[in-house]
Amino acid sequence: MSFKENKHSSFINFLLHLHPKTVNEQALKYTRTFGLGGINALLFIILAFTGLLLRFSYVPIPENAYDSITSLQNNTLFGSLLRNIHHWSAMLMVITAFLHLLRVFYSQSIFYERKKNWHYGLILFGLVLFFNFTGYLLPWDQLSYWAVTIMTNIVEYIPLIGSYLANIIRGGKIVNENTLLNFYNFHTALLPILFVFFMVLHFWLVRKAKGVTVANKNEQKMVKVYPGLILKEIIVALFLIALIILFAIFFDAPMLDKANPLISPNPSKAPWYFMGVQELLIHLHPILVTFVIPLSLMTFLFYTPYIKIDKEKIGSWFYSQKGGEIIILSIIFSTLLTSALIIIFEYWFKFNQLNIHLFISSGIIPLLFYLVPALGFLFYLKAILKADKVEIIIAIMTIIFTSYIMMSIVGVWFRGESMNLTFCN
Ligand code: HEM
Ligand code: HEM
């Protein structure tokens, strides 16, 4: 055997060690997982590798951070490409991690022995957001400086501990050199360690559950993991790497002027993945947005895998045919409700101008405008369409995700000066 062949086989051997010897034939179908778990893992490897290289030129001091990046872009061979790959891979990972979450949820892959992996997945998702958020500040331009200022101001709204927490994150009362150093340490030291730890646990639990879920487990035959699965993984990986490099060649990561703490751009927006939160703050009382809603959502996400579900249904896409129809109805309902309320609150009902306690006028009343139709819709699903418990949970999750996506779209593309609604952005 030649030296080259030897190297090749040890790489395959390494990949084989990450998998069980045999897998269910159905697990090889691309539509089972869409390769999303593996894509997330690969994106992390790309980010860790490019991030490590970025560290060689990046200086985490306000006076030098911006210049260190522009100098990397202008004076270093492939410097721009390196930054672009890191930036676009990070943005893509928010999307692919979310899609992976949807895949495991809608294919009933979160119950029984997979419960814990849903929880570890949620932690990993939180880490992806935190990675992105801390990385966002590092270029120290107007965009990043003010986005982080907005976000840490939002944190201040959390009752009781808000300003304490915001001060810890910022290392003071405003975003300054302490914040940059904090974020840099989080981003390049603490978060990578945490991420690797939870990713290893996550992989281990997938193996412990004997691979990914498949529908009608007993009827399927087992096949060797090599070449079927391994070759498919290599193809997806190469395709993804090629796509990211091409994208990074043609599209530069954004970079505005150097941060100026005295001049805030109008509008000042949070990073796009948090724009839904900023949009919600326009309509709802901060205590609801920063405390009640996140806590309720986290509790709901945490307890979802504990619902009793028929074991036969594990691995089946959308649970049932009715489940599929309910998802479509929920998407339509939530899109209409969210956009209608945004327009109504913007142009007709200004509840916060009512002469009553602010928590009622800008909290309870607008919340009821959302909750009453939503509960009515769920009642319709239960009473008329005879949806069962799992189908109701699927509907609730779909309504929440669709609303968040709608609010993000409005926040990113339809909010102009002073965050007014605009249709020509
Ligand atoms: C694991 C090791 C990682 C290291 C050592 C690292 C290091 C760095 C460094 C030094 C920068 C500043 C340079 C620059 O802004 O171009 C940066 C920026 C950034 N990082 Fe990372 N990073 C890592 C992982 C990640 C991950 C996993 C994500 C997201 C999931 C991420 C998201 C970002 C973002 C969004 C930026 C700002 C990019 C920009 O617009 O310039 N990083 N990172
Ligand atoms: C962001 C980093 C993540 C990585 C690297 C990752 C990786 C993986 C991989 C490789 C698999 C097996 C193959 C596949 O399903 O595609 C998997 C399965 C799984 N993941 Fe993730 N994942 C991540 C995030 C998440 C998130 C955000 C969730 C949900 C909250 C999640 C929940 C699960 C569950 C429940 C399974 C088992 C699915 C099954 O058995 O069919 N993961 N993950």
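The values are calculated or read from the model by the stated rules, or taken from the named source; none is laboratory data. The model shown is predicted, which means the values in this text are computed figures rather than measured ones. Cβ: placed from backbone, ideal geometry, glycine included. Neighbour counts: every protein chain shown. Side chains included, ligands, DNA and RNA excluded: accessible areas come from the protein's heavy atoms. Shrake-Rupley method; radii C 1.70, N 1.55, O 1.52, S 1.80 Å.
May I ask you to give the solvent-accessible area per residue for the chain, in square angstrom, as obtained with a 1.4 angstrom probe?
Working: 23060 Å² over 425 residues.
Normalised by residue count, the accessible surface of the chain is 54 Å².
Rolling a 1.4 Å probe over the protein heavy atoms leaves LEU205 with an accessible area of roughly 20 Å².
Here, the range 316-358 is characterised by an Rg to Rh ratio of 1.32, where Rg is the alpha-carbon radius of gyration and Rh the Kirkwood radius.
In a fully extended conformation the segment linking ASN420 and LEU238 would gain 61.2 nm over its present Cα-Cα distance, using 0.36 nm per residue. Of the solvent-accessible surface of the chain, computed with a 1.4 Å probe over protein heavy atoms with every protein chain present, carbon and sulfur atoms account for 71 percent.
HIS283 sits with roughly 30 Å² accessible to a 1.4 Å probe, with DNA, RNA and ligands left out of the calculation. Cross-linked pairs LYS224/LYS311; LYS210/LYS313; LYS115/LYS311: Cα-Cα separations exceed 20 Å for LYS224/LYS311. Using alpha-carbon positions, what is the distance between the centroids of the range 292-316 and the range 86-142, in Å? Taking the Cα centre of the range 86-142 as reference, the centre of the range 292-316 is 17 Å away. In this structure, the amide hydrogen of ASP141, modeled 1.01 Å from its nitrogen in the peptide plane, lies closer than 5 angstrom to those of ALA259, counting only residues at least 5 positions away or on a different chain. Distance between the pseudo-spin-label points of GLN321 and LEU231 (7 Å out from Cα toward the beta carbon): 3.7 nm.
Hand me the chymotrypsin sites (Phe, Trp or Tyr not before Pro) from the range 64-94 located in a DSSP loop with no more than 15 other Cβ atoms within 10 Å, in residue order please.
Numbers: sites: TYR66, PHE78, TRP88; in loops: PHE78.
Filter output for the range 64-94: PHE78.
The Cα atoms of the range 274-425 give a gyration tensor whose axes a ≥ b ≥ c have a/c of 1.5 or more with a/b greater than b/c, which makes the shape prolate.
For the chain, what are the DSSP H helices with axial Cα length of 27 Å or more and mean Kyte-Doolittle hydropathy of at least -0.5? Spell out each step's value before the answer.
Values: long enough: 36-55 (28 Å, 1.97); 79-106 (40 Å, 0.94); 115-137 (34 Å, 0.67); 228-250 (34 Å, 2.80); 321-347 (40 Å, 1.42); 389-413 (36 Å, 1.84).
Membrane-span-like by this criterion, though nothing is claimed about a membrane: 36-55, 79-106, 115-137, 228-250, 321-347, 389-413.
At 0.36 nm per residue, and after removing the present C-alpha to C-alpha distance, how many nm does the segment from TYR306 to GLU25 gain when stretched out fully? Kindly include the intermediate steps, with their values, before the conclusion.
Details: separation 281, 0.36 × 281 = 101.16 nm, distance 2.82 nm.
Full-extension gain reported as 98.3 nm.
Each label was represented as a point 7 Å from its Cα along the Cα-to-Cβ direction; for SER57 and GLU177 these points are 2.4 nm apart.
Taken over the alpha carbons of the range 1-154 as equal point scatterers, the Debye sum produces base-10 log I(q)/I(0) values at 0.09, 0.14, 0.16, 0.20 Å⁻¹ of -0.44, -0.89, -1.03, -1.26.
Once you charge only the Cβ atoms, +1 for Lys and Arg and -1 for Asp and Glu, what is the size of the charge dipole of the chain about its Cα centre, to the nearest 20 debye?
Result for the chain is approximately 1600 debye, rounded to the nearest 20.
Please give the calculated 222 nm ellipticity per residue for the chain, where each DSSP H segment of at least 4 residues contributes -39500 (n - 2.57) and the sum is spread over every residue; nearest 500 deg cm²/dmol? Mind dumping the intermediate values first?
Numbers: 16 runs with 269 residues, N = 425.
Mean residue ellipticity at 222 nm (helix-derived): -21000 deg cm²/dmol.
Extending 7 Å from the Cα toward the beta-carbon at both LEU358 and LYS115 defines two label points whose distance is 4.2 nm. Would you check the accessible area of PHE359, probe 1.4 Å, heavy atoms only, in square angstrom rounded to 10? Number for this one is 60 Å². Pairwise Cα separations in the chain fall into 10 Å bins from 0 onward with the following percentages, short to long: 4, 18, 27, 26, 17, 6, 1, 0, 0.
With loop membership from DSSP and a limit of 13 other Cβ atoms within 10 Å, the longest segment of the chain without trypsin sites (Lys or Arg not before Pro) is 30-172.
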